[in-house]
Structures are given as structure tokens and as C-alpha cells.
Amino acid sequence: MGLFNRSTSDSTETNENDAEPNTPQSSEQDYDPTKPTIINSKEWAIERIAPVSGDLEIYAGEWPRAMVENAQYEPSQPVWVGCSERTGREFGVEFSRAFRHIAYLGSTGTGKTTAIYNSVTQLMMGGHGVAIVDPKGDDIYDLLRRVPKWRWDDVVYVDLGADYYSLEDEETGEDVPYQIGFNILDTYHEPGEPGFDEEIEWIVADLIELLAAGEYWGPRMDRIAKNMIRGMARHEEEFTIIEIYYALLEEENRQQYADLIGDSIDDDDIMFLEGFTRRIAEELSDDELDPLLGRLKDWVENPITRKIIAMRGAEVTLGQIVNEQKILIVNNDLPKEAKIMTANAVVSGIWTAVTSRKDPSEQQMMELAGMDDVGSEYAPFFLAIDECHSVLTDGDEIETMLMEARSKKLGLMLSTQVLRSLPDDAADAIISNCNTILSLTPNHPEEAREIANRFGGMDIEDLQRTPDYHAQTQLNSEDDPFLAKLIPPYPPRHTIEEAYELIVTSLENYGSPVQSGEEILDEMHFDAGGAISAGEAEAGASDGSDEQVDVTSDPAEQALYEAAYTVQIKRDAIGEFVASEAVKDEWRRRAGELGFSSEVSNVIEQAPDEYLQRQRRDGDSVMKVTPEGLEYAGLAQDTGSSASGGGDEHRWVLTEAYRAFTKLGMFVELPTQEGEEDPDGVADLPIDPMAAENIREVHAREERLAEEYPYLAKLTDGLNVSIEAETSTIKKPMQTLTNLRKAIDEHKLCVFACKDGSANHDEFGYWARRGEQIIYDVDGRGSNRTIDYEQLTFAADIDAQGNRTFYNKVSTLSVASDTYALRPQCDADLVWREDSTEVVMSDEDGTEYARFESPEAAATPAKSNVPAYSIYDASEQEYTVRAGGEKLVYGSREELEEDWMVVRAPFIPENEFDRMPTPKDFLFVVFPDEDTEAFDEPMIYERGEVRPLLPAETSWDSTEPRPEGAAQTPTGEAHSSAEERTEQTSGESNSEGITSSTDTEKSSSIADAVSRLSKRE
């Protein structure tokens, strides 16, 4: 039975037949109503004795209570606000329009907090995610008493001003202070993800706004603070704001921080921070840094702000709160700076979380493309900020959120009594962008005038004479305003004791122990007395050497573990002890290649035992790298199988490739920070012809390579190797072709490292065959497809006349700067195809949209050559579409996408590759699972056949040479000898079955290098 139809009751207690969904009956407080207010024969308001204060208070009667509680059964019902003073009819904000935002404007004591709390209560009843930031905290416990019990586990209660909440320690039995907080420097996005850079800049802007409020702040302090915040927020280590203070406090600390940034130089963005960080460390004195240190010193010494700036290792993130539709309640009754700091952290974190979510259409596309992770559900979320003028300081951020939040399903509910105290652009944005305005007696003539204009020119005096707990409002900006009676306060559902129980539950679920001052200092990278923290000083005992290497931040340590693993591979001794001298030799070679130098003995001595074990056996020093050391170095543990090892397939395949190409004598690296153009791994030749300075040296290096590493020279044709792990990307032809293009651009052999397909597809070379189908011409469909190895196409199809059908790129087709091609909205996929010398844009149903005279013209089309194109006007916040001379204007992307869809650009090989690839530019290598019976070592897959990657004298798992044998089919059956394969490919074959180039058939990359050197000479 619905709540609107239940029998009249004088209590808010839920009837047995109307219990809250999926939860036991909630124990709620009973009250006896007196003097009910009746509207349209229904109980609107009642008076009750408040159980805590003992005062007589007015609460919502049965009618508005039923309106609010019905959200349990109709979550998308309107957000009920009140009833019309004239007609007595209830009114609310349609749920879909709540994402166009609600503003509660008016002087203190007029009912703004009541209105916003009632809205939040209804959203909690409806099971929605909601956050409320209350700067006063006066009514926060009343709000806690309204939370339905079936949602208690969703509540994240933040109260940084309270130091009296504690939980019992399970081991000691003692009460330990607990809190819930967030590290302001933490990001929801991972480095490299879309939105990460924007999130960093939000953090920078928020903190600079706070720091710049102090005296003596100028451009230099601004630059220093921004550099420090960006560096710490981007760094892979977890920093907190308090560490900015200690990093700058002492000259040694500044130098250590500069070294930490320098050690992250592989990060493209941190690279551009290092120069100025070095200047701070080497050129600036304590006096010059004093303004920034003085501002931070106030925060460090204040116990409340110190809680905020030293918080690390939080148990819950704002991203979780948004994506899991939790209830965040922030008691922000703090001193001004702490109040602003906390609110900004919450608002920024929520905003970045919602902007990171993929819209439903994109998620569906990702699913169709075979992506396992398509992001979180596009669930609604609401952010309520009472008295927002006291905490929101950046007008640009407020304006951006109000304009863009609707498309992200984020609804804002903002209340303020002093609209003009907000930045001008923020105040204007609230008036202009909040679809629903509730005006509760504005107390300033200018504000009243602005609101009156928003209401279509209503009388200002009428606006200022609005009674308390009433509001002048409009349902939509186009409607006439009317006077509304607001819903009285929704009554508490629980006792104050139960509210305390709810806080304890929240701390148990999401809290962490409050750190002592000693614990804060010990976990930092710096301290007040020197360059290392107390914990690091205790762990890193000195050996008395003048030259010390900080292995916790030096690439020397990673290189050490890689060196040990490399020696284990070369000696077929993975997991075993190997000679320390061999490891030292390998490490020194890597040190020279990587451009750092340190005393290797110091590095070994400081390496933790859990990463590197050392012993003496038969009078010699030996060592072995542990699985934890491999993990530290970015290498996977040897799980034995990409399918059953339980680890990351991508990393497993890369680790196997590292092992294989190390056995071949190459110098292998797996970058830990990859940009879009970086490969998954690189394997450099021990003698590199491409590193030559002149033609004579090129040939000399080629001769040395062929003489000292004959198998490797023939396998690679004298090229360094770009390794790409094809574990899931091979399902996406565009990514495979892009990886090939990147390798060719770098003049490298592209090795596609593939997983074993036996377990899931009953075919060892399944993934490699899929890769060849992307590169070569394919005849037939489904299981009847055959590959024409005589024709490299890099296209989706080719017909009998030689016309190709091209792959679609992910990027959109641009016709000018920020101007993109469109086609009419439809369900048919886009098709780019050749027609003789022309390129045609059509769809799979045969509708032709455009025709271009050449591939070059299709890559850079004119506006007149596409069916339509769009331009976004940021100042007008609208999209203009030009289609066949007609101009169409859309107020949002959603409206535009009802009529139009973007055109994806074509991947036309001659436009994408600097030169057309040949079979010598790529190689597929399949790494077998441990339980694959047919193969027990990496196999080259070429033209439907497989052969060992390693030469006959090199084994995969033992010191015994592998017997020479015939090449095999992917099922493991003997197929053809090396000599027979020579007939299939050009060039001469050696005894291991590797086809080598003749002098006239050198790889195009070597030829390119020789050509460049010739021109230089």
C-alpha cells in the first residue's frame, strides 16, 4: 500500500506493512501532535515537543511527510518543496529538472536550512547519492536522526572539529580516536587518464586561493606554491600538504625534494617541473621563502587545520562516495580557513568524480568494443551546500559546475543569505543557471532587484515582504512566479542516542585512527631536523661511506633488481641465487645506459632483504631478487600462465617478453610511465647500427653485430625492438596498427607479444592470427576466413576491384580548429571505402554522405565536403550546426545528439604511415601457458606457422640445448623445415630457420638511417 493511501497516523513511525524496502522495521520516535495546521482538509503542520531541547517545535504534518517518504517507492518523484499559498496545491521540482539546480536565497532565519534539509531527506529516502556541507553544524544532528536505518551503512560522516569520537582497538582493548577525512592532494583519476590534468589544476587553484590570502604574497610565492603543489599531487608517492612546509623548511629538505622530482623525470609532466624545483632548492634562501612558510606554518601549528593537511591513507574516497551513491554529511563548523579548506576539498573531489564518468552511450560503445571496464554507472548524485557564500571562493569553478553539471547527472542545491558576498561571476551564475530559485526575503536591495529581474520584473517590495518559511518561486524560468508555503521541518526518525550510534557505524565503516604528531612526522618524506624522516633514519643505517645512495627514490635500486633478474634469465636460474659479481657487471652496464652513476656496493648494501637476498656460498658472494623485488621493478612474478596465473595478463606477457629478449642478449626495459607514443617495452641491440654517426660506422657496427650475435642480427635485421603486449588491444584493429606505426616512426622492429589462445579458443596462435588478419587481406567470413599473405592492406576489407574499406579511427574528423564533421543520427555504422581513386563516406545501409577526390582530401576535408559540421560557442553555451547552408542552434550536446552524430576519421594507410610497412617491420611472438602441451617456449607466429623464437643452442627453461627441429603448425605438428620456409619469404635462411636480408634487402629503417647520414655527410 502506497504512503499516500495509508491510514491517517499521528506518528512518523513506519507501519508494519509499509516497512522501508529491503530492511527491517526502523525504530523511530513517536510524538503526539497538537494544534495541526490544515490545508485543503489535510494536515500540513503539527507542533511537537522536541525530545532534546524540550521546546515546542513545528514539524511537517502527515501530508508533507507522506510526500517526502513516498520517495522510497518512487525515487524519481519530484523533489517536493511546498504548496501554493493561493491554491493549496503541492509543488515540487521535477526530478529531471533537479539537475538544473536549486538555489535557496534569503536572509537568516527565513527557512533556507529547513528547505535544503527537507530536500536532502527526500533524496536519502529515495536511495540517491547525496552530499551536504553544513558550515554551522547547528542542525547536523537533526539531519543524522532523519537518515533511514536501511541507509545507515551508506553514511560517511565527516566532523574534523570533533576529537571525542573513538573506537575500541581489537588488539589492545583501548579506545582509539577515529576520524574520517580526505587527502586534499589525492586525485580520483590516475595519471594519464582523461581528467587527471584538470583535477590537478583544481587542487592547485583551491590551495592557491587559500594561501594567497596571507600578507606579502606576490608572483614569486605564487609560482613556488604552484610548482610544489603540482609536483606533490602528480608524484607517484603519496604526499600531504603538510609536507610542502617541511620540504621547504630546510635547505637539505629542498634538495631531497628536488631529487625526488628528478627521479620521476620519465613522467612527461613532472619533467617540466624539475627545472624550477631545482631553482627553489639551489637558489632561494629561507628569507625568500618566508611568506609561503609563514602561511603554511599557521596551518601546521593549528591542531584543526593540521588534521586536514596531514591526512593520508583515507579509507574512503570521494569517487567511491559518488559512484556508490553514498550519503556524505560534513559538519563543517570549523574556523574560517579550515571551513573553506574542507569544503573546497569536498566540492573539488565530487566534481572530478562526476566528470570522470562515461556517459551511457560511450559506455555502450566500450562494451561493444570488448572493454571489460567501462566505468561506473551514470547514477544521479546531489551536492547541497548550506550558506555557500562562506565556503565557495572561486567564481570560475562555481560557474563551470553550474553550466556543466546537468550533463553529468549532478544536481546542485545551494543556499546563501548574502548572494553579493560571492564572487560576481559566481552570483551571476547562480541567478542565471539555477533553474529553480526559492527567494526567502532577500535582505539587500541590489540582490532583490536581481532576483526580481530573474522573475520577469516582479515588484521588489513584494519580494522583500515574503513571510518567513515562504518563498517566491518559479517552477521554470518561463513560468510566472508565485508565493509558496515551504514544507515544515521533517521530524526526526531516531533518538539522539541512535544518532550517536550512526556516527560510530560510519567511523567503523570508513574511519581511520587519528594520527599523533609523532606518527605524522614519521610517515613524511621530510622532517624538521633533516632530509629524512625519523622512520627512514631508523631503517637506513649508514655504512660510513662518503657516497650514499637513497635507494628509496633512486632508479639505481630498480636497475639493481632488473640486473639480478637479467643474470638469472641468462643463466637459466630464475628464482635461484646467482653470482654477485655478474649482477654488479650487469648493473654497471645499465647505470651507464640510464645515465646515473653510484657505487654499486652501496646500492646493494642498502637494498632491503625483502627485495634482494644475499648469501655466501663456497666462498663466493651470491644474491637473488625476490618476487617483491620484481614487483618493485615493475616485473610480474612468474605465475606460469597468463590465463591461470591470477595476475595481470598485460604485465605477465611483458615479463615473458623481457625474459625472452634478455636471453637473446638484448638490453630490455619496461617503461613504468608510458605516454601515448611510448611502447610497452623496448629491447636494444648489444651493438646498435642505428647509433652510428656516419655511414662507415653503420656498416662496421652491422658487421660486428653479425659476427658476435649472428642469430640476433638476422632476427632483427639490425633494428632495436619495440615490444607491444597484445592481450586485449588486438581486438581493436586501430590500436594494433597504431602500435605498428609508432615502431616504424622510431625505426624499430615491432614485436607483438601475444598470449596463448589454447585455453579459451583451442588454438595456440589465435591472437597472433587475429593480428595478421588486421594487417593482411582476408577472404571469406567467420570460420571460413583465409589470409592472403601476398597482400598487406592494413584495411578492414578489399574487394575484387582492389577497393579498400578502411578502419574507423577513434578520433573525430576535423574540418577546422574545434570544428568537427557530423552526419545525421542513425543506427547504421559509418563506412569509409575506396571507389577507384576516390574515398567515399557512407554508412552500412548504403547512404552516401560525402565523396573525396583522394585519400589526402579525405584526411583534411573542407567544410563544404562534409554533410554537416558543428562549432561550440562557449560564450553563448550553444552548439551551431551548419548543414547544407542551413544554420541550426542547439542548447546542449544532448539536444544536438538527438539529430546528429560525429564522424570518425578513416585510417587510410598512406596517410598514417610515413612509408608503407613490409613484413620485415613486424613480428608476432606467442608466449605459451605452462599447461600447453604442444609448446614450452616462446614461438614466432608467421603466416600461420610457428617456430621457436630462441636459437637452438638457447633453451627456455633449462641449461640443456633445445634439439633442432622442424617448424610447426600452431597445433604443434611438424610442418616445414627452415629450408622450406625460405621458399615462402625472400632472402636467405640460416640453420635456425631465420630468414635474413640480402645486402640489397636491408630493412627500410636501416636504409632510412643510411640515407639520413648520407645527406648529413
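The label point for ASP222 and the one for ASP55, both projected 7 Å from the Cα toward the Cβ, are 4.7 nm apart. Put in order of Cβ neighbour count within 10 Å, fewest first, the listed residues SER870, SER621, SER817, SER516 become SER817, SER516, SER621, SER870.
Given a Förster radius of 41 Å and the C-beta distance between SER432 and SER811 as r, what FRET efficiency does 1/(1 + (r/R0)^6) yield to the nearest 0.05? List each step's numbers first, then the result.
Values: r = 34 Å, r/R0 = 0.83.
After rounding to 0.05, the efficiency reads 0.75.
Grab the Cα-Cα distance for GLU790 and SER516, subtract it from 0.36 nm times how many residues apart they are, and report the gain in nm with one decimal.
On the way: separation 274, 0.36 × 274 = 98.64 nm, distance 7.12 nm.
Extending this stretch completely gives an extra 91.5 nm.
On alpha carbon coordinates alone, what is the Rg over Rh value for segment 96-228, Rh being the Kirkwood radius? Working shown, then result.
Working: Rg = 19.9 Å, Rh = 19.2 Å.
Taking Rg over the Kirkwood Rh, I get 1.04.
At 0.36 nm per residue, and after removing the present C-alpha to C-alpha distance, how many nm does the segment from ALA934 to ARG449 gain when stretched out fully? Numbers along the way, then the final one.
Working: separation 485, 0.36 × 485 = 174.60 nm, distance 8.31 nm.
Using 0.36 nm per residue and subtracting the Cα-Cα distance, I get 166.3 nm.
Dipole magnitude for segment 797-907: about 400 debye, using +1 per Lys or Arg Cβ and -1 per Asp or Glu Cβ, origin at the Cα centre. Stretching GLU894 away from ARG696 to a fully extended chain increases their span by 65.0 nm, per 0.36 nm per residue minus the current alpha-carbon distance. Centre-to-centre separation between the Cα atoms of segment 223-264 and those of segment 889-962: 40 Å. Annotation: lysines with alpha-carbon distance below 19 angstrom to LYS226 (same-chain offsets under eight excluded): LYS297.
Restricting segment 37-88 to trypsin sites (Lys or Arg not before Pro) that sit in a DSSP loop and have at most 10 other Cβ atoms within 10 Å of their own Cβ leaves ARG86. Between GLN825 and GLN773, the modelled label-to-label distance comes to 3.4 nm, taking each label 7 Å out from Cα in the direction of the beta carbon. Binning the alpha carbon pair distances of segment 797-907 at 10 angstrom intervals from zero yields the distribution 14, 47, 29, 9, 1, 0, expressed in whole percent.
Label positions at GLU886 and ARG278, each projected 7 Å from the Cα along the C-beta direction, are separated by 6.1 nm. Residue exposure proxy: HIS189, HIS494, HIS101, ordered by other Cβ atoms within 10 angstrom of their Cβ from fewest to most, comes out as HIS189, HIS494, HIS101. Using C-alpha pairs under 8 Å with a sequence gap of at least 6, the mean separation divided by the residue count of segment 799-883 gives a relative contact order of 26 percent.
Just so you know, all these numbers are worked out from the coordinates, no wet-lab data involved. Keep in mind that this is a model prediction, so the values were computed, not measured. Using ideal geometry, Cβ is built from the backbone for each residue, glycine included, and neighbour counts are taken over all protein chains shown.
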